[in-house]
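The values are calculated or read from the model by the stated rules, or taken from the named source; none is laboratory data. Just so you know, these numbers come straight off a predicted model, no measurement behind them. FYI the Cβ positions are ideal-geometry reconstructions off the backbone, even for glycines, and counts take in every protein chain you see.
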């Protein structure tokens, strides 16, 4: 058995996937850098106004039934594997009414103590949540600050869209402005007046702006006043209020600079401020607090003795949480013991919160890499929630029963009824951030996905509640050999590829021959040759090929992109690879610096075919299954000023490109698939939903109903069942049963159906067609070069089922397309031969 540590494989006794070494501070930063860099390249920024305009366009499209396909998406989970929870709140008089905020999946509400959950925020412009506040004196009034304030995760590529308010417990929401506040660390409502609300705004992560600090409204959010401003690089990350004298407010300010190439997460302007007059004036508190630069700060006021205030201060190196206690409303402070680091990477700004027990001024909780509890005011600490997922972000303490706790972290939501000594995990919340999706060709209920924080996971039944992890780290590419599903390939960050020969149960090294000194993308591309799955391709800054199912690799290209020295993130990499199904000598590769390359002779020579393409991060390539010179490219990036294409086609192997995405929203396009059943249909995944065109881009329609307004990162099509799988970044995975494109044929009669079994097959398979009425039928089979290999039937057939045997000559495995023309309507089906008898 082999485990993966960093970039080295070593023998070990581990049972499952390679176990990556402890996540570093750099690893925590990369998702945000990587996602943002795609969307901001080459400008280094996103025009926030145009981003919001695109989101409003998406909302208008999804609200218009006439503008979308009529079938609904089906959620397939997981729910038993949780994603990042950034806030949890409860009705102050009824803890069965719960609200949780997901990093990029919106808000879920439970009316039965967590037995079931319902999304209640899906109509907002963004599903990235910063904080939720329930008005203590009017619990039906909720305020939400959008934009996650944690400074590492990938959802930070998507700034928030301001403040929202509900007056009916989350049934409906109203936008309250502050659109430019970027991300929100805390929303605080006056304990006796639901119309007085404070917002801790961190501002935009990747650029300086002045809409940050503390904002206050006294009319329920109709108008806002900037109450505290320190600088355009210093935002407010936390707030605390004196429940007895609610005009006493404490604010935690955090100086933070972030660019895709660098970061500064501490500064002299980070500090604690206090107001005695409801935010009219503020004083910085210094007596006993650190004088050196510090990072993130969390605050808590003891509800039972408001003179006692606690501060969780992350040191400049982000390696330790410094705990301070004041017994005189913040006039003076004394340092307490720090909670144990417990193997945490130097990234304590990823956590940075402290919570006070409502009945005991000396009982506090520190949430960091793990969760710790002190019963003596911070003099000593003991671990709680033993064995729960790492990376804690929020804690709810029931004011009437302080032993009842709800903990939110990178692995979902946990509940304890004994102060954290034991716990239960809520296995019913679909908020995984997927990067990729895959389906087992032979068993279409087996879904796989690579996801942030939770590795590579799969279900063997297609149920939402039985997913399990099969490979560690942050999961990325996962591939199942369509001809032999014993071969499964899984990857975590920076191209750490494992190969399994027993269906994903155990893994071996999949990187022998790869030069790991070469730059590799956070999501390193790995693909199977569609005409020969034992042949694979892998991208660093060059392209590698394996002819033995990833047992070994050889480089087949020169460097296709140049590294960027001194950057936080690895740049200068290949981001996507596509092999022509009809001719494996044609290989296309895209890079993060906006170039597309092509070889027509299996890698002996490469040509830069980027002329005519916008300078954007290349996200995906696809090649027509019957024409190696017809290819499609998709690009990332939001609109900056002028229009830029996001989907283009070449009909001559890249000699020229044509924009075919003019009617799409101007948002990043993350993936493209070609519908091989309806061969003229293209489907794209975007930051604003899934779209399809049946006329090569002349018109695009929003595909399917009931898909949340969440980023869709990847698509996989299962041709035999004509099912599309979509990976979302925040709401787990969805499937859609595809139908014939709207407008492709508007005949009154039902269309003919086509299926095959077995598929994959060895020596022969049966191609079955279902006719709604007597009609002229032409049924032929082509190989992927476009050569006709069989005419199964040509003539008139009566209504009903008809079966024809296809038995290709020879032993070689390969792919074929069965094409049915029935009554002038064409359908196709992919047939996969495994080879031999």
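Scanning region 197-220 for residues that are surrounded by 22 or more Cβ atoms within 10 Å (Cβ to Cβ), out of contact with any helix residue (DSSP H, G or I) (no Cβ under 6 Å at 6 or more places or on another chain) and not in a strand (DSSP E or B) turns up 204, 212. Scanning region 626-659 for residues that are touching a helix residue (DSSP H, G or I) at 6+ places or on another chain (Cβ under 8 Å) and over 23 Å from residue 434 (Cβ atoms) yields 639, 640. Of all residues in region 660-709, those satisfying the criterion of being in a loop (DSSP other than H, G, I, E, B), under 19 Å from residue 645 (Cβ atoms) and in contact with a helix residue (DSSP H, G or I) (Cβ under 7 Å, 6 or more places away or on another chain) are 665, 666, 667, 668, 688. Just to be sure, is residue 746 at pLDDT below 90, outside the structural domain of residue 458 (by TED's automatic domain parsing), surrounded by fewer than 15 Cβ atoms within 10 Å (Cβ to Cβ) and not in a strand (DSSP E or B)? In short, yes.
The single condition among (1) over 30 Å from the mean Cα position of the chain (by Cα); (2) crowded, with 19+ Cβ neighbours inside 10 Å; (3) part of a loop (DSSP other than H, G, I, E, B) that residue 376 does not satisfy is (2). Taking the listed residues 701, 696, the one that is surrounded by fewer than 22 Cβ atoms within 10 Å (Cβ to Cβ) and under 18 Å from residue 633 (Cβ atoms) is 696, with no other qualifying. Could you tell me whether region 129-145 includes any residue that is buried (at least 20 other Cβ atoms within 10 Å of the Cβ), outside any strand (DSSP E or B) and on the phi < 0 side of the Ramachandran plot? Scanning region 129-145 turns up at least one residue that is buried (at least 20 other Cβ atoms within 10 Å of the Cβ), outside any strand (DSSP E or B) and on the phi < 0 side of the Ramachandran plot. Checked against the criterion of being out of contact with any strand residue (DSSP E or B) (no Cβ under 8 Å at 6 or more places or on another chain) and closer than 25 Å to residue 82 by Cβ, the candidates 460, 413 yield just one match: 460. Could you look through region 336-373, keep only residues that are outside any loop (DSSP other than H, G, I, E, B) and more than 25 Å from residue 184 (Cβ to Cβ), and pick out the one that is nearest to the chain's Cα centre (by Cα)? Once the filter is applied, the top-ranked residue is 372. Note on region 385-403: residues that are assigned to a strand (DSSP E or B) and closer than 13 Å to residue 355 by Cβ total 8. Just one of (1) touching a strand residue (DSSP E or B) at 6+ places or on another chain (Cβ under 8 Å); (2) modelled with pLDDT of 95 or more fails for residue 218. It is (1).
Here's the yes/no breakdown for (1) surrounded by 21 or more Cβ atoms within 10 Å (Cβ to Cβ); (2) farther than 23 Å from residue 783 by Cα; (3) in contact (Cβ under 8 Å) with a residue 24 or more places away in the chain:
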site: 552; (1), (2), (3): no, yes, yes
site: 560; (1), (2), (3): yes, yes, yes
site: 571; (1), (2), (3): yes, yes, yes
site: 576; (1), (2), (3): yes, yes, yes
site: 580; (1), (2), (3): yes, no, yes
site: 584; (1), (2), (3): no, no, yes
site: 594; (1), (2), (3): no, yes, yes
site: 597; (1), (2), (3): yes, yes, yes
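Within region 300-328, residues that are at positive phi and in contact (Cβ under 8 Å) with a residue 24 or more places away in the chain have Cβ atoms under 6 Å from residues that are surrounded by fewer than 24 Cβ atoms within 10 Å (Cβ to Cβ) and part of a loop (DSSP other than H, G, I, E, B) in these pairs: 318/346, counting only partners at least 6 apart in sequence or on another chain.
Could you tell me whether residue 473 is at pLDDT 95 or above, more than 24 Å from residue 120 (Cα to Cα) and either outside any strand (DSSP E or B) or touching a strand residue (DSSP E or B) at 6+ places or on another chain (Cβ under 6 Å) (or both)? So residue 473 does not fit the description; no. Does region 45-62 contain any residue that is in a strand (DSSP E or B), modelled with pLDDT of 85 or more and either in contact with a strand residue (DSSP E or B) (Cβ under 7 Å, 6 or more places away or on another chain) or under 27 Å from residue 180 (Cβ atoms) (or both)? No, that holds for no residue.
Selection of region 758-809 for residues being in contact (Cβ under 8 Å) with a residue 40 or more places away in the chain, surrounded by 15 or more Cβ atoms within 10 Å (Cβ to Cβ) and farther than 27 Å from residue 441 by Cα yields 775, 777. Candidates in region 305-322 are the residues that are more than 33 Å from the chain's Cα centre (by Cα) and surrounded by 15 or more Cβ atoms within 10 Å (Cβ to Cβ); of these, the one that is farthest from residue 355 (Cα to Cα) is 307.
Here residue 34 fits the description: outside the structural domain of residue 636 (by TED's automatic domain parsing), more than 23 Å from residue 707 (Cβ to Cβ) and modelled with pLDDT of 85 or more. The set of residues in region 459-480 that are closer than 19 Å to residue 718 by Cβ and surrounded by 24 or more Cβ atoms within 10 Å (Cβ to Cβ) comprises 467, 478, 480. When only residues in region 63-72 that are touching a strand residue (DSSP E or B) at 6+ places or on another chain (Cβ under 8 Å) and in a helix (DSSP H, G or I) count, which is modelled with the highest pLDDT? So, considering only residues that are touching a strand residue (DSSP E or B) at 6+ places or on another chain (Cβ under 8 Å) and in a helix (DSSP H, G or I), the one modelled with the highest pLDDT is 65.
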